[in-house]
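Structure record follows, encoded as structure tokens.
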Amino acid sequence: DDAQAADDLTTHLINAGHRRIGFIRGNPDNSASERRYAGYCAALAQAGLPLDPDIVAQGYYTYRSGLDATATILNSADPPTAIFASNDDMAAAAVAVAHARHLEVPADLTVCGFDDTPLATTIWPELTTIRQPIRDIARVSMEIMVRQLRSKRGEPRVVHELLDYALIRRQSDAPPRRISQR
């Protein structure tokens, strides 16, 4: 449930005291990108926080796009105290940009990702992220496909199954050190 997972991670950041949370969107051709953005927006709305387009940037699920998106977000007039990237590659890029700008993660900037790929535990600091049940997703997808192939009904039908996810806390998130001017 990409939307609920993104809502939960954004709410986690809000509960830690962050009021300006930047967001790096995923590839616009991927439906999960829109669901993750919707979850981020829903959490902000629920908390009564404004959605500031100056701290939302387009990414494409690549490290390079994460570098560019993070630079855009941090160059805003009132930069955020946290950045939530739609995947771990872009979050790792956000950590790299922060280090290059002499920002300490998480003391100066919290960075969180999504997917819990191996990269999340190979960078420093290790990423707080959403763990997706990749094996279960693959297994359930295959089961659905086999059921549909065996059903002999002609047109395949769309099936939605939600699997559990987990918010994995590591060293890349903390309460904000500075208070935003807004």
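Some notes on this structure:
- Residues whose amide H comes within less than 5 Å of that of Arg170, counting only those at least five positions distant or on another chain, are Thr128, Thr129 (H built at 1.01 Å from N in the peptide plane).
- Projected onto their three principal axes, the Cα atoms of the stretch 21-74 cover extents of 32, 26, 12 Å, largest first.
- Considering only Cα atoms, the convex hull volume of the stretch 25-115 works out to 88 Å³ per residue.
- Carbon/sulfur fraction of accessible area - the stretch 1-157, other protein chains in place, 1.4 Å, %: 53 percent
- Normalised by 2.2 N^0.38 Å, with N the number of residues, the alpha-carbon radius of gyration of the chain equals 1.09.
- Label point distance in nm, Ala107-His160, each placed 7 Å from Cα along Cα→Cβ: 4.5 nm
- Solvent-accessible area per residue, Å², over the stretch 21-170 with all protein chains present [probe radius 1.4 Å]: 53 Å²
- Selected from Val158, Ile73, Phe84, residue furthest toward positive end of dipole (the chain; charges at beta carbon): Val158
The values are calculated or read from the model by the stated rules, or taken from the named source; none is laboratory data. These figures come from a predicted structure and were not determined experimentally. When we count neighbours, we look across all protein chains shown, and the Cβ atoms used for this are built from the backbone with ideal geometry, even at glycine. Keep in mind that these areas ignore ligands, DNA and RNA; they rest on the heavy atoms of the full protein, side chains included. Shrake-Rupley method; radii C 1.70, N 1.55, O 1.52, S 1.80 Å.
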